[in-house]
Structures are given as C-alpha cells and as structure tokens.
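Colleague: Input: one structure, supplied below.
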Amino acid sequence: MMVNAGIRPGATSPETGPRERADVSRRVALVTASVGVAGVGALGLFPNADVRQWIAGLAMGSLAVAVASGTLWAWRAVPRGLVSSSAPAGRAHGWALAVGIAPVLLAAAAAQSWFTWGRSVAAGDQFPPEGTAWIQHLFSPWVWTGSNLGMPNASETQLPWAVILGVTHAVGMPAWFCQRLWITLLFAAAAAA
C-alpha cells in the first residue's frame, strides 16, 4: 500500500489549492501591469490618433485588471500566510525598492529631456517663470490682469508653485531651474503615486 505523505485525506492537492490560485492571480497582475506600462510607454510612438486611442484603452484596461488581480492575490495570499518567506529579507526589500524607484527615475528623466540648460519652457497659457512679484499678491481678493480693469483673484491654487519658486529664488537659484525642478517633481510624484 502506497501512502502519499504530502496530501492528507480530504485535502485539496497542491495544484488546485489556495497557493496555486494566489500564484495565478499574482502572475495575471504582473503580466497585465507589464502590458499596461508598455502601452503607456508606446503612446508617443504612434502619430495616428485612432491607434493611440486604442492603445490608451488597452493600457488602462490592462492596468485595471492588474489592480484587481493584485488585490485578489493579496486578499488570498497574505492573510493565509501563503507569501513565501524563503527569500532573504534584504533581497526582497531590495526588489521592492527597485520596483518602487524605477518609475520615479524614469518619469524624472523624461521630464528632464524637455529642457535645455539655462532656458525655461513657455508657450500658450504657460508663461515664463522669470517673475516673482506675483507671489506677494497670491491671496489678494482682487487683481488686475492687463486685459480687464480687475476681477476676483483665484491665485491660491498656485500656492505649491509659489512656494517652490519663492524658496529657490530666495537661495539665489534662477527661475528656469525652479521650473525644471517643479515639473520634474510633478512627474516623479505622479509616477510614485
């Protein structure tokens, strides 16, 4: 009589147990997240708006599936202790740190590629960041814009930009550097989110 020591009577086999279902959810999350990130990265490669719209939809759908699968994986695996602890903690933390920092660094590098050293970016509604006199009128209730005799002020929404511009100007940095820092921080924070 042959006895299988790995499976007790009435238990499910390892192939269909909770660990296997959790691993499938994890694999689906990894694959769909990779497809979604690749789709977002590929958006700039196609000049046709219809193709870009299709790729954007695919990327958003893939990222939604990745979030759902990752949530399912965490819901099944973590409370039941199915997450493997065989890897050394230092190596696991290193991978987690690399995965968290890589998108931030890529977004910061992409933002930096828009700038030429010593110049600021301004076009359309984006005015040059050279002036700082407007900061003292940030909370004024009434302003004159040059195209009217005055109107209610809504500059409070520019408070984060005013803080960055004011601090960099106070330490002697040029306004173009402040703009470069601000846009890089915005993109890095969006990637971290």
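The values are calculated or read from the model by the stated rules, or taken from the named source; none is laboratory data. Values in this document were obtained by computation on a predicted structure and should not be read as measured data. Ideal geometry is used to build each Cβ from the backbone, glycine not excepted, and the neighbour counts take in all protein chains shown. Heavy atoms of the whole protein, side chains included, go into the accessibility calculation; ligands, DNA and RNA do not. Shrake-Rupley method; radii C 1.70, N 1.55, O 1.52, S 1.80 Å.
Colleague: Go through (1) modelled with pLDDT under 85; (2) closer than 30 Å to residue 37 by Cβ for residue 186 and report which single condition fails.
Modeller: All conditions pass for residue 186, except number (1).
Colleague: Select from the range 51-69 the residues that are open to solvent by less than 50 Å² (accessible area, probe 1.4 Å) and among the aliphatic types (A, V, I, L, M) and write down the one among them that is farthest from the chain's Cα centre (by Cα).
Modeller: Taking the candidates together, the pick is 55.
Colleague: Within the range 28-78, count every residue that is within 18 Å of residue 102 (Cα to Cα) and not in a helix (DSSP H, G or I).
Modeller: 0
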